[in-house]
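Please treat every number below as a calculation from the coordinates, not as lab data. Remember, predicted model here, so these are calculated numbers, not experimental data. So basically every Cβ, Gly included, is an ideal-geometry build from the backbone, and we count neighbours across all protein chains shown.
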């Protein structure tokens with residue numbers, strides 16, 4: 001993650017993984033989730049915070065979820081229905097459950113199908129927010145599988161290349177593969193120039209957005225550094241930005257995500273479905289193609305080459321997707337998660353408001 | 001395709017599809033391919049030229065293939081072996097055949113598996129050049145399937161973000177989905193800022209490369225417009241370019257391609273396999289997830305929204321991946337393929353040299 005998204009040291013309060021989990025679990029249960037669903041949802045958020053992906057952890061998301069439950073827009077006890085199923089595939093209706101609540105079950109189903117047949121893919125319509133996509137792909141790794149996840153998240157944020165109107169949300173995509181002795185490859189990106197949640201982080205932290213990240217409301221790219229505007233005051237560009245710099249590639253991947261998650265699930269394109277998010281998850285068993293030991297050994301060769309390469313002038317280190325996050329998990333498990341003090345204050349005032357038992361340091 | 005890659009009108013010679021096919025077929029047969037394999041390989045190249053993707057058609061590639069056959073580095077009669085197979089998957093050894101010769105058979109196998117089970121994926125190691133990846137994904141569309149293709153193409157061109165040494169080739173990726181009344185979505189991109197073949201096109205055409213497309217040999221990005229240097233005199237940046245502009249996303253997708261095509265096929269990472277290219281193809285039957293008619297109707301809604309959108313200031317039109325290529329096929333079938341006169345001269349001198357019967361206008 002770029003430095004601009006990190007909580008400044010002076011504002012950090014270290015909270016143990018256990019304390020953060022316990023507080024989050026209590027909140028989800030208070031919102032009406034079963035104990036088991038609350039544990040799943042908590043695991044998605046805290047895994048995100050442990051990986052240094054605060055943008056998708058408790059800091060931004062929990063207060064939104066609470067507001068959605070209070071407004072009755074989210075169902076804490078969804079009755080998930082199987083709309084279609086085969087030995088390799090399924091389509092589920094999430095019944096307005098949170099994505100972080102229902103999505104892990106969709107990935108478990110994909111993994112079970114891949115265990116039995118070699119591949120499993122599940123699409124999931126009619127859900128709320130899915131959190132950090134890396135979570136779902138990480139689930140596949142311990143089974144010696146490749147994990148894939150995409151989410152169609154509405155259609156009011158991202159404009160197509162040369163376009164003046166939004167069609168997509170951030171439409172993120174994640175892809176992970178297990179290595180042997182090296183930390184796994186875990187790739188997880190928005191198909192916009194920046195994740196929407198990260199934009200909101202810059203406001204808490206006081207940093208700015210880069211040229212070519214967002215547009216004015218007529219689709220014109222803003223080509224100087226700016227403070228993040230409020231939602232509704234801007235649109236986002238696909239990654240790459242300008243056409244010459246590959247914006248059509250970001251736009252193409254956003255379309256792929258909208259097709260695989262939105263259209264293939266029956267949820268519809270993001271700009272039509274709007275309030276309902278949709279997910280595509282897939283697991284591929286490595287042994288269906290090649291010995292898992294050979295695969296992991298070959299991937300070690302690649303990842304070691306990347307991680308040990310001499311950096312270009314002006315840089316300290318070459319890393320690959322998932323490497324820094326892996327190191328961050330080890331550090332944060334040991335030292336605690338560095339939340340912004342404003343987030344810790346919010347947790348504690350929420351405990352008082354909702355009459356919960358936790359108290360963060 | 002950007003204007004800089006188009007053949008200037010004054011240098012164009014219009015050649016009919018039939019004449020281009022007949023000439024190419026003769027050349028492949030002369031190189032030792034069976035009649036059937038020559039027809040398959042010809043179809044990959046001419047489909048590329050019809051779609052306006054000259055970079056991957058006969059203009060750049062045929063003379064390379066002939067040189068490779070003459071040097072004995074390519075096997076015109078490969079004995080393709082099945083290394084592993086399941087109802088949903090297979091891994092093939094291409095026995096040093098050309099990618100455009102063996103790759104279509106791998107995709108046919110994936111489609112047959114998807115027809116039977118819902119999904120089919122095939123990896124293919126030990127091959128030559130695969131041409132335009134869109135070709136393989138297009139094969140899936142008439143079966144109401146989504147098509148995916150990736151190719152690991154060596155490791156001497158693309159440097160990782162912040163890196164000083166090349167690890168990947170252009171590591172391209174393609175993804176296609178069928179619509180109803182709209183032309184299909186067909187996405188096909190290099191994970192570098194530009195396809196290597198397109199760089200070579202700029203030299204014939206006399207145009208330049210953009211800032212942030214390539215690096216010097218110590219990995220330092222070249223940030224002003226330059227003429228395309230010779231192979232060996234530069235490295236390429238992942239799409240996105242700089243880290244702030246999303247270069248880590250291009251780098252991540254390049255890694256995904258190297259894993260799915262190179263490592264999963266057993267060919268090994270691109271920088272290790274070097275001379276052997278490797279492919280991943282996949283077909284997903286839409287009916288395994290949702291009614292194909294609903295899928296195609298929903299995709300029409302999305303594609304119409306994109307194609308009919310008011311463009312941002314300074315632009316004529318919004319398009320989606322595959323739209324212009326679809327229109328170009330109709331035009332070129334009618335009017336002929338606009339080859340550079342230098343390419344037509346090469347065809348005719350090759351006919352004399354190899355004692356072939358064709359003669360282009």
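Under a 10 Å cutoff between Cα atoms, tell me which one of A:310, A:296, A:81 has the largest fluctuation in the Gaussian network model of chain A.
Answer for the Gaussian network model of chain A: A:310.
So if I take the centroid of the Cα atoms in the range A:272-292 and the same for the range A:240-265, what is the distance between those two points in Å?
17 Å
Taking the convex hull of the Cα atoms, report for the range A:113-245 its projected area averaged over all directions, in nm².
Averaged projected area of the range A:113-245's Cα convex hull equals 10.3 nm².
Estimate the FRET efficiency between residue B:34 and residue A:300 by the formula 1/(1 + (r/R0)^6), using the beta-carbon distance for r and 25 Å for R0, to the nearest 0.05.
Working from the Cβ atoms, E equals 0.05.
In peptide A:280-290, how many Cβ atoms from other protein chains are near each Cβ within 10 Å, on average?
Going residue by residue through A:280-290 and averaging, the value is 5.
Working out 0.36 nm times the residue gap between residue A:63 and residue A:291, then minus their Cα-Cα distance, what length gain in nm do you get to one decimal?
Working it through step by step, the gained length comes to 77.5 nm.
Given a Förster radius of 35 Å and the C-beta distance between residue A:316 and residue A:242 as r, what FRET efficiency does 1/(1 + (r/R0)^6) yield to the nearest 0.05?
That pair, residue A:316 with residue A:242, gives E of 0.75.
Out of B:154, B:72, B:297, any idea which swings most in a Gaussian network model of chain B, alpha carbons joined below 10 Å?
Result for chain B, Cα springs under 10 Å: B:72 fluctuates most.
Roughly how many nanometres apart are two label points built 7 Å out from the Cα toward the Cβ at residue B:142 and residue A:231?
Modelled inter-label distance: 4.6 nm.
Only Cα pairs within less than 10 Å get springs; with that Gaussian network setup on chain A, which residue of A:104, A:225, A:166 has the largest fluctuation?
Answer for the Gaussian network model of chain A: A:225.
Apply the a/c threshold of 1.5 to the C-alpha gyration tensor of chain A and tell me whether it is rounded, prolate or oblate.
Here chain A falls in the rounded category.
Once you put a point 7 Å from the Cα of residue B:217 and another 7 Å from the Cα of residue A:335, both along the Cβ direction, what distance in nm separates them?
4.1 nm
How crowded by other chains is A:221-234, given as the mean number of beta carbons from other chains within 10 Å of each beta carbon?
Mean number of neighbouring Cβ atoms from other chains: 0.
Helix-only mean residue ellipticity at 222 nm, the protein assembly as shown, DSSP H runs n ≥ 4 weighted -39,500 (n - 2.57), per residue, nearest 500. What is it?
-12000 deg cm²/dmol
What does the average come to when, for each residue of peptide B:202-214, you count the partner chain Cβ atoms lying within 10 Å of its Cβ?
1
How long is the gain from residue A:327 to residue A:112 if the chain were fully straight, where each residue apart is worth 0.36 nm and the alpha carbon distance is subtracted?
Taking residue A:327 through residue A:112 to full extension adds about 74.5 nm, to one decimal.
If packing is taken as the average count of other Cβ atoms within 10 Å, what order do B:211-218, A:312-319 fall into, highest mean first?
By packing density, highest mean first, the sequence is B:211-218, A:312-319.
Fewest first, what order do A:347, A:234 take by the number of other Cβ atoms within 10 Å?
Result, fewest neighbours first: A:234, A:347.
Between the range A:150-172 and the range B:44-103, what is the separation of their alpha carbon centroids in Å?
36 Å
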